[in-house]
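Peer 1: Here it is, the structure, as C-alpha cells.
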Amino acid sequence: MRYIAPKDQAELDAVETREWLESLDYVLQSGGPAKVARLLRELTIHARQNGVKLPFTANTPYINTISADEQALMPGSPDIERRIKSLVRWNAAAMVVRANKAEEGIGGHISTYASAATLYEVGFNHFFRGHENGDGDVIFFQGHAAPGIYARAYLEGRIDETHLENFRREMKPGGGLSSYPHPWLMPDFWEYPTVSMGLGPIMAIYQARFMRYLEDRGLKPKSNSKVWAFLGDGETDEPEALGAITLPAREKLDNLIFVINCNLQRLDGPVRGNGQIIQELEAAFRGAGWNVVKVLWGREWDPLLAKDRDGLLVKRMGEIVDGQYQKYAVSDGAYVREHFWGADPRLLDMVKHLSDDQLKKMTLGGHDPIKVWNAYKAAVEFKGAPTVILARTIKGYGLGEAGEGKNITHQQKKMNEEELRAFRTRFGIPIADSEIAKTPFYRPAEDSPEIKYMRERRDALGGFVPHRKVRSTPLKEVSNELFEEFYKGTDGRKASTTMVFVRLLSKLLRDKELGPVVVPIVPDEARTFGMEALFRQVGIYSHAGQVYEPVDMDTLLYYKEASDGQILEEGINEAGSMSSFIAAGTAYATHGVNTIPFFIYYSMFGFQRIGDLIWAAADSRTRGFLLGGTSGRTTLAGEGLQHQDGNSLLYAMAYPNCVSYDPAFAYEIAVIIQDGIRRMYVDQESIFYYLTVMNEQYAMPVMPEGARDGILKGMYKFRATGQPNAKLRAQLFGSGAILPEVIKAQEILESKYNVGADVWSVTSYTELYREGHACERWNLLHPGDAPHVPYVTQCLKEAPGVFVAASDYVKALPDAIDRWLPRPLVSLGTDGFGRSENRAGLRDFFEVDYRYVIVGTLAALARDGKIEKSVVDQAIKAHNINPEKVNPAVS
Ligand SMILES: Cc1ncc(C[n+]2csc(CCOP(=O)(O)OP(=O)(O)O)c2C)c(N)n1
Ligand SMILES: [Mg+2]
C-alpha cells in the first residue's frame, strides 16, 4: 500500500468532502430540499445496515432555523415600530427607576423586558389577537417583563402616568400597578398569573388542550386562536416548565407557541455557562415532537453565513459555550475579533472589511424584528405540532454600562444620570439633558405617527392585550330537583361521601342545562373513587377518539375514549390536572363559556403537592370544585405516612378565596355544591371550593330542619341531647367521617355518664374562623357601634357545658375557633405522621375515636370541677386507653 503523508490525506479528505457536497448541491438545485432529505434518510439507513454507528443528535447547527433566503418580507413600518419599541423601553425603565427613587427597595426589573422588547413588540404589532373579533389569543406574559407591558399600555392610552408612577404601590390613591401579572389585583388587565416560574408554561399547555376540548365538544366554535407562552431560559429549569411538553406534541396542538427568551442568563449568572441552553432546549423539544425554530442571529450575520462555504463559521458558532458568549456581549469589538473570529485566519478574513464597532453592533436574532417576525409567522402557520421559538437575546439589552449582559443585571433597578442619558441617546428619546435627572415618562402626542400606528395595529388585531373581560353570561338559578334526593338520607343504607359525590356528579352530568358544561377532571384515580361508570356515561376526552379496540369493550363500564368525551383523564399528573382545572375554571372569562370543573384527586397530592398552582388558580379567579378524595388521616386505612391526609384543610385556609368544607353527610355535600354553583356561576363570585370526601361508609341521615344556613356558614346543631336538663352538659363538635364517632360518644356519654351532650356538625372551621375575624376586625374599627357577634358565638354563647371537638385533621383547625367560645375547647385531631393500620387502629393511635371524645368530655368536666378526677381515670381504664402511649403528634 502506498504511504500517504498526513498532509496529503487531509487534502484527499477535503477533495472527497467537496465532491460529496457538490453532488448534494446538484440534487438540491435539481430536486429541492425534500429530495435531499429523502436521500440523506436512505443513506443513513444504508450506513446503519452496514454497521456504521452514527452518533445520535437531536440538534441542528447553531444557526437560525429559517435561513435568509427562506425569509418572507415583513409588513408594516420598521421605522415606526422601532420608535415605538424605544418609547416602551424608556418608559419601562423609567417606571422601575422612579419607583426605586421614590422608595428604596420597592423593586422591579429592567433587564428582562430590555432583552425581550422585540419579542413582544413584533407580537403586539403583528400577531397577538385581542378578543374583540371573537377568537383572541391567550398570552402568558413573562412575569418579570411586566414593566414593558405596562409601558405599552401607557402609550396606548389605557393607563396613565399616575399608574406608572405607582408601579408596585397599589395602595396609592389613583391606583397602582401590580408588580407582576395578577388578575386578582388587576382584573380588567391581567388574564393569567405567571411570575411563579414554571407555572405559565404548564398552564399554557393545558389551556391549548382545553381550547381543543371546548371545540371538540361543541361548546365553542372552532377558531384559529393561539396560546402564546413567553418564558425565560432560566425558567426552563423548573420541572413544571418542561415536565408536560410531550402532551401538546402527542395531541398535535398547533395552537400552542412557546417563546423562550434565551438571554443565556438567569438571576445569579449564566443559565448554562459551560454549555448551550439553546441546544439543550432544542434537543428536549425536538425529542418531544415540537416544531423548533431557532432565532439566533440578526440580519448582519446573513452575508457572512452566505460566504461560509466550508461551514467554518457555523462550526465556530456551535463550539462557543454560553458563558463565553456572555463575555463577548460585554466586550468591545476588538475582543470579539481576537477571541471569536481569531480562532482561524480564514474566519478573521471573513470580517476584515468590518470595523470593531461594526463587529460589536452585529445583533442577535431575538433583537431583529425581521427574524422574529419570520419565526412567529412560521409558528402560526405550522400544522400538526406545537412550536417553540428559541430566541437569542442579551439580558439588559441597551442598558450599556448600567448592566447589559452583566451578571448583576437581573436586579438592576437604578440608573445614574449618566447611564440614563446614554440609554436615552441610544434609543433616541426626545428628553433634554436638563430633564433627565427626573426620569420623566414620555408619550408622544395623541396624533403622532407612533400612537396612531399602535392603535391601528391593535384595532386590526382585535383590540388591546392583555385585557381581561368576563365574557360569559351568568347561569340561571340551579334547580333544587337535582339535589333533593340527597336531603332524604339513605334509609339506613351505607354510603361514603365519595360515593355521594360521584352520584351527584353523575346526576349533574345528566342535567340538560348543567350537564354539558360540567368538566370532570381526574389524575388516574377514577377507579379509586368509584367513578368508572362515568367512563361509559360521558366518555374520556381524546381528540383522536378511540382508534383501538379497548380490552374491556364487552363490559358495561369499558374504558371509552371519544373525541367528544367529557372527562379529562390526565394520567398521573396532578399539576396537569390542576392546569386543566384553571383553564376550565377561567373559561367564563377567557372563552365566555361557563364550564364547571370538578377535579377529584388523592387529597394528599393537592395543596401539599401542587399548592402553588392552586395559588395561581386563586389569583386567576378560577371557579370550580376541588375534591380531596380518600381524605382524613385515619379514614383512609392502610396507606401509611405519605397518603393519609390530615393537613389539606389547614392549607386550604390560607387561600383567601378558597371556600373549604369537611362534610360528613350526603345532604351537606348537596347543599354545599348547590350553593357553590349559585355563588360562582349565578352570582359570579370569584371563589372556588375545596371539599374533602372520604371512603368510610355509614348510613346517611335525613337533613335536619333548618340546617342549610349553618351547613354553609360552617356549623349547625345536628342532634340535641335527649337530656337537656342533665346536670352535666357538653357540646361536641365533629366533622367529616369523625362525626359518627362523635355521635357514638354522645350516646355513651348520655347512657353511661349522665352527660347531656349536643352534637354539632362543623362543616368548615375555615369559614367560622374567617367570619369570626371579620367581626372582630369590624368591632376594632368601630368601637362606638354595637359589636358584631361572630356566628360561632351566636351558636354557642348560651350553650351549656364543656366544648370538645374531634376531627380527622390537625388540631389547629378546631383551635381556630376557640377564642369565640365561652369556655376553652378540648381539641382532638390528628397531628403527626400517618401510619399503616386499619381505621380503628389509626383512630386509637391518633386519639380521635369515640373513646377519646368521651374521655375528653369527662376531663373537661373534671377541669371545671363538675365531676371527680377519678371518673376520668376510670373512663380511661374502661376504654383500654394507655395514658403512657406515645404522642402521635411527635412520633
Ligand atoms: C418559582 C420561582 N422561583 C424563583 C423565582 C425568582 N426569580 C425571578 S426571575 C428569576 C430569574 C429569571 O431568569 P430567566 O427565566 O432566565 O428570565 P430572564 O429574566 O432572564 O428573561 C428568578 C430566579 C420565581 N419568580 N419563581
Ligand atoms: Mg434568562
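Peer 1: Given a 1.4 Å probe and every protein chain left where it sits, what share in percent of the accessible area of region 451-561 is carbon and sulfur?
Peer 2: 51 percent
Peer 1: Considering Cα pairs under 8 angstrom that are at least six residues apart, work out the relative contact order of region 768-873 and quote it in whole percent.
Peer 2: On the way: 120 pairs, mean separation 23.1, N = 106.
Taking the mean separation of contacting Cα pairs over the length of region 768-873, I get 22 percent.
Peer 1: Only four residue types carry charge here, +1 at the Cβ of Lys and Arg and -1 at the Cβ of Asp and Glu. Report the dipole size of region 791-891 about the Cα centre in Debye, rounded to the nearest 20.
Peer 2: 120 debye
Peer 1: Which aspartates and glutamates have a Cα lying under 17 Å from the Cα of residue 307, excluding residues fewer than 8 positions away in the same chain?
Peer 2: Cα-Cα hits under 17 Å: 22, 25, 69, 70, 344, 349.
Peer 1: Separate question: Once the convex hull of the C-alpha atoms of region 736-891 is built, how many Å³ does it hold per residue, rounded to a whole number? Kindly include the intermediate steps, with their values, before the conclusion.
Peer 2: On the way: hull volume 19.2 nm³, N = 156.
In region 736-891, the Cα hull volume divided by residue count equals 123 Å³.
Peer 1: Can you compute 3J(HN,Hα) from phi for each residue in region 297-313, using the Karplus curve 6.51 cos²θ - 1.76 cosθ + 1.60 with θ = phi - 60°, rounded to whole Hz and x for Gly and Pro?
Peer 2: Calculated HN-Hα couplings, in order: 10, x, 4, 4, 7, 4, x, 5, 5, 5, 7, 7, 4, 8, x, 5, 5 Hz.
Peer 1: Now for a different question. Which ³J(HN,Hα) values, rounded to whole Hz and listed in residue order, are derived for region 467-480 from phi using the Karplus coefficients 6.51, -1.76 and 1.60 in 6.51 cos²θ - 1.76 cosθ + 1.60 with θ = phi - 60°, glycine and proline given as x?
Peer 2: With coefficients 6.51, -1.76 and 1.60, one gets 8, 8, 8, 6, 9, 9, 9, x, 6, 6, 3, 6, 6, 5 Hz.
Peer 1: Might you work out the accessible area of residue 82 for me, using a 1.4 Å probe with all protein chains in place, and round it to the nearest 10 Å²?
Peer 2: Here the accessible area works out near 120 Å².
Peer 1: Quantify, in whole percent, the carbon and sulfur part of the accessible surface of region 227-316 (1.4 Å probe; protein heavy atoms only). The partial results should precede the final answer.
Peer 2: Working: 1560 of 3230 Å².
Of the solvent-accessible surface of region 227-316, carbon and sulfur hold 48 percent.
Peer 1: Further, regarding this structure: Would you be so kind as to identify which of 600, 303, 824 lies farthest towards the positive end of the dipole of the chain, taking Lys and Arg as +1 and Asp and Glu as -1 on Cβ and the Cα centre as origin?
Peer 2: Value: 824.
Peer 1: Something else: If you put +1 on each Lys and Arg Cβ and -1 on each Asp and Glu Cβ, how big is the dipole of region 385-424 around its Cα centre, in Debye rounded to 20?
Peer 2: On the way: 7 positive and 5 negative charges, 32 e Å.
Dipole magnitude for region 385-424 comes out near 160 debye.
Peer 1: Determine the order of 300, 42, 549, 574 by accessible area, beginning with the largest, at a probe radius of 1.4 Å.
Peer 2: These residues rank, largest area first, as 549, 42, 300, 574.
Peer 1: Could you give log10 I(q)/I(0) at q = 0.14, 0.16, 0.18, 0.20 Å⁻¹ for region 214-311, computed by the Debye formula over C-alpha point scatterers of equal weight, without solvent?
Peer 2: Scattering profile of region 214-311, log10 relative to I(0): -0.70, -0.84, -0.98, -1.09.
Peer 1: Related question: If we count every other residue with Cβ under 13 angstrom of residue 723's Cβ, Lys/Arg +1 and Asp/Glu -1, where does the sum land?
Peer 2: Every neighbour counted, the sum reads +1.
Peer 1: Hey, can you grab everything whose amide H is under 5 Å from the amide H of residue 655? Only 5+ residues off in sequence or another chain; H modelled, so Pro and N-termini drop out.
Peer 2: Placed amide hydrogens put nothing under 5 Å from residue 655.
Peer 1: Separate question: Would you work out if region 254-329 is rounded, prolate or oblate? Take a ≥ b ≥ c from the square roots of the eigenvalues of the alpha-carbon gyration tensor; rounded if a/c is under 1.5, else prolate when a/b is larger than b/c, oblate otherwise.
Peer 2: oblate
Peer 1: In addition: Relative to the longest principal axis of the C-alpha atoms of the chain, give the angle of the C-alpha long axis of helix 111-122, reported between 0 and 90° and rounded to the nearest 10°.
Peer 2: In the chain, helix 111-122 runs at an angle near 70 degrees to the longest axis.
Peer 1: Also, I was wondering about something else. Looking at the P(r) of region 585-662, how many percent of alpha-carbon pairs lie beyond 19 Å?
Peer 2: That fraction is 38 percent.
Peer 1: Once the principal axes of the Cα atoms of region 87-167 are found, what is the range along each, listed largest first in whole angstroms?
Peer 2: That gives 43, 25, 20 Å along the principal axes, largest extent first.
Peer 1: Still on this structure: Apply the Karplus parameterisation 6.51 cos²θ - 1.76 cosθ + 1.60, with θ equal to phi minus 60°, to every residue of region 483-500 and state each ³J(HN,Hα) to the nearest whole Hz, in sequence, with x for glycine and proline.
Peer 2: 3J(HN,Hα) across region 483-500, in whole Hz: 9, 4, 3, 7, 6, 8, x, 10, 6, x, 5, 8, 8, 9, 5, 5, 4, 4.
Peer 1: Nearest 10 degrees, 0 to 90: what angle lies between the long axis of helix 417-426 and the longest principal axis of the chain (Cα atoms)?
Peer 2: Its long axis makes an angle of about 60 degrees.
Peer 1: Can you give the angle from 0 to 90° between the axis of helix 199-216 and the longest principal axis of the chain, with both taken from C-alpha atoms, to the nearest 10?
Peer 2: It works out to around 80 degrees.
Peer 1: Based on the alpha carbons, how large is the Rg to Rh ratio for region 131-254 when Rh follows Kirkwood? Walk me through the intermediate numbers first.
Peer 2: Working: Rg = 16.4 Å, Rh = 16.0 Å.
Radius of gyration relative to Kirkwood radius: 1.03.
Peer 1: Assign one of three labels to the chain, namely rounded, prolate or oblate, based on the Cα gyration tensor with a ≥ b ≥ c the square roots of its eigenvalues; rounded applies when a/c is under 1.5, prolate when it is not and a/b is larger than b/c, and oblate otherwise.
Peer 2: Verdict is prolate for the chain.
Peer 1: So how do 150, 335, 3, 558 rank on accessible area, 1.4 Å probe, biggest first, that is with the largest at the start?
Peer 2: The residues order as 3, 335, 558, 150, largest area first.
Peer 1: Taking 0.36 nm per residue of sequence separation and subtracting the Cα-Cα distance, how much length would be gained by fully extending the chain between residue 819 and residue 283, in nm to one decimal?
Peer 2: Working it through step by step, the gained length comes to 187.1 nm.
Peer 1: Same structure, new question: For region 446-511 and region 568-588, compute the distance between their C-alpha centroids and round to whole Å.
Peer 2: After rounding, the separation between the Cα centres reads 14 Å.
Peer 1: Report, for the chain, the % of DSSP beta bridges that are antiparallel, rounded to 5.
Peer 2: Of the beta bridges lying entirely in the chain, close to 10 percent run antiparallel.
Peer 1: Moving to a separate point now. For region 1-159, which whole percent of the accessible surface, found with a 1.4 angstrom probe, sits on carbon and sulfur atoms?
Peer 2: After summing per-atom areas, the C and S share lands at 58 percent.
Peer 1: Follow-up. Based on the mean of other Cβ atoms within 10 Å per residue, sort peptides 368-377, 51-60, 305-314 so the most packed one is first.
Peer 2: In descending order of packing, they fall as 368-377, 305-314, 51-60.
Peer 1: Take the alpha carbon atoms of region 618-659, find their center, do the same for region 1-38, and report the distance between the two centers in whole angstrom.
Peer 2: Measuring centre to centre over Cα atoms gives 65 Å.
Peer 1: What is the magnitude of the charge dipole of the chain about its Cα centre, with +1 placed on the Cβ of each Lys and Arg, -1 on the Cβ of each Asp and Glu, and no other charges, expressed in debye to the nearest 20?
Peer 2: It comes to approximately 400 debye.
Peer 1: Related question: Over the chain, with the other protein chains present, what is the accessible area per residue in square angstrom, probe 1.4 angstrom?
Peer 2: Using a 1.4 Å probe on heavy atoms only, each residue of the chain averages 42 Å².
Peer 1: Positive end of the charge dipole of region 728-833 (Lys, Arg +1 and Asp, Glu -1 on Cβ, about the Cα centre): tell me which of 803, 754, 786 has its Cα farthest that way.
Peer 2: 754
Peer 1: Pull up the cross-link candidates among the lysines for residue 476, meaning alpha carbon to alpha carbon under 28 Å and not fewer than 8 places away within one chain.
Peer 2: Candidates past the 8-residue exclusion: 220, 222, 488, 507, 512, 713.
Peer 1: Can I ask one more? As I understand it, the dipole of region 339-426 uses +1 on the Cβ of Lys and Arg and -1 on the Cβ of Asp and Glu, about the Cα centre. Which of 403, 354, 373 lies farthest toward its positive end?
Peer 2: My answer, from the dipole projection, is 373.
Peer 1: Continuing with the same structure: With a 1.4 Å probe and every protein chain left in place, tell me how much accessible area residue 290 has, in Å² to the nearest 10.
Peer 2: It works out to around 10 Å².
Peer 1: Can you bin region 632-716 into rounded, prolate or oblate? Criterion: square roots of the alpha carbon gyration tensor eigenvalues sorted a ≥ b ≥ c, rounded for a/c under 1.5, prolate for a/b above b/c, oblate for the rest.
Peer 2: Oblate shape, in that a/c is at least 1.5 and b/c is the bigger or equal ratio.
The values are calculated or read from the model by the stated rules, or taken from the named source; none is laboratory data. Computed from a predicted structure; not experimentally measured. Positions of Cβ are backbone-derived with ideal geometry, glycine not excepted, and every protein chain shown enters the neighbour counts. Keep in mind that these areas ignore ligands, DNA and RNA; they rest on the heavy atoms of the full protein, side chains included. Shrake-Rupley method; radii C 1.70, N 1.55, O 1.52, S 1.80 Å.
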